[in-house]
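Just below is one structure, and these are the notes that go with it.
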Amino acid sequence: QVQLVESGGGLVQPGESLRLSCAASGSIFSLYAMGWYRQAPGKQRELVASITSGGSTVYSDSVKGRFTISRDNVKNTMYLQMTSLTPEDTAVYYCKATLDGLTRPNYWGQGTQVTVSS
């Protein structure tokens, strides 16, 4: 099993940048497909970006061109570089892991709060 811990969230102003990190432990990180999800108050959790064990990436339309997902298999860490942040990006951001090639089980972190406000 894999344990996930998000970090890097905080309060920023519109237009600023933020980098989130997801540290994984307890399993072979390189075998997992990873993803970032977010959930705003009153809304459903949505996919932000995903990255396979081979490095292929997928982005939601709402963040495409602004966010970059990456992973470091030596450090067992996944990142989400967020730029040009808007208030609509305000949400709790969650890290997810799934063994590549499988649909379940999904492993989730506890989330980190990102607030974009002036």
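The set of residues in segment 59-80 that are aliphatic (A, V, I, L, M) and within 19 Å of TRP108 (Cβ to Cβ) comprises ILE69, MET78, LEU80.
Restricting segment 60-118 to residues that are more than 19 Å from GLN1 (Cα to Cα) and among the basic types (Lys, Arg) leaves a set whose member that is least open to solvent (accessible area, probe 1.4 Å) is ARG66. The set of residues in segment 1-24 being modelled with pLDDT of 95 or more and among the polar types (S, T, N, Q) consists of GLN3, SER7, GLN13, SER17, SER21. Within segment 17-30, track down each residue that is surrounded by fewer than 14 Cβ atoms within 10 Å (Cβ to Cβ) and of a type in the set (A, V, I, L, M, F, W, C). ILE28 - this is the single residue of segment 17-30 that is surrounded by fewer than 14 Cβ atoms within 10 Å (Cβ to Cβ) and of a type in the set (A, V, I, L, M, F, W, C).
The residues in segment 47-59 that are closer than 19 Å to ARG19 by Cβ, polar (S, T, N, Q) and open to solvent by 50 Å² or more (accessible area, probe 1.4 Å) can be counted, and the count is 1. For segment 88-118, filtering for residues that are more than 11 Å from the chain's Cα centre (by Cα), charged (D, E, K, R) and under 26 Å from GLY26 (Cβ atoms) leaves 2.
Scanning segment 32-46 for residues that are surrounded by 15 or more Cβ atoms within 10 Å (Cβ to Cβ) and not in a loop (DSSP other than H, G, I, E, B) yields TYR32, ALA33, MET34, GLY35, TRP36, TYR37, ARG38.
If you go through segment 88-111 and keep only what is modelled with pLDDT of 95 or more and touching a Ser or Thr at 6+ places or on another chain (Cβ under 6 Å), you end up with THR90, TYR93, ASN106. Here MET34, MET78, MET82 are screened, and the one residue that is at pLDDT 95 or above, under 11 Å from the mean Cα position of the chain (by Cα), farther than 24 Å from THR103 by Cβ and among the hydrophobic types (A, V, I, L, M, F, W, C) is MET82. Applying the set (1) touching a Gly at 6+ places or on another chain (Cβ under 7 Å); (2) on the phi < 0 side of the Ramachandran plot to TYR32 leaves exactly one unmet item: (1). Cβ separations smaller than 6 Å between residues 6+ apart or across chains give the following pairs from segment 24-42 residues that are under 17 Å from SER62 (Cβ atoms) to residues that are of a type in the set (A, V, I, L, M, F, W, C) and open to solvent by 20 Å² or more (accessible area, probe 1.4 Å): TYR37/LEU47; GLN39/VAL92.
The values are calculated or read from the model by the stated rules, or taken from the named source; none is laboratory data. Everything numeric in this text was worked out from a predicted model, so none of it was measured. Methodologically, a virtual Cβ is constructed for each residue, glycine included, from the backbone with ideal geometry; neighbour enumeration extends over all protein chains shown. To get the accessible areas, we keep the full protein, side chains included, count just its heavy atoms, and leave off ligands, DNA and RNA. Shrake-Rupley method; radii C 1.70, N 1.55, O 1.52, S 1.80 Å.
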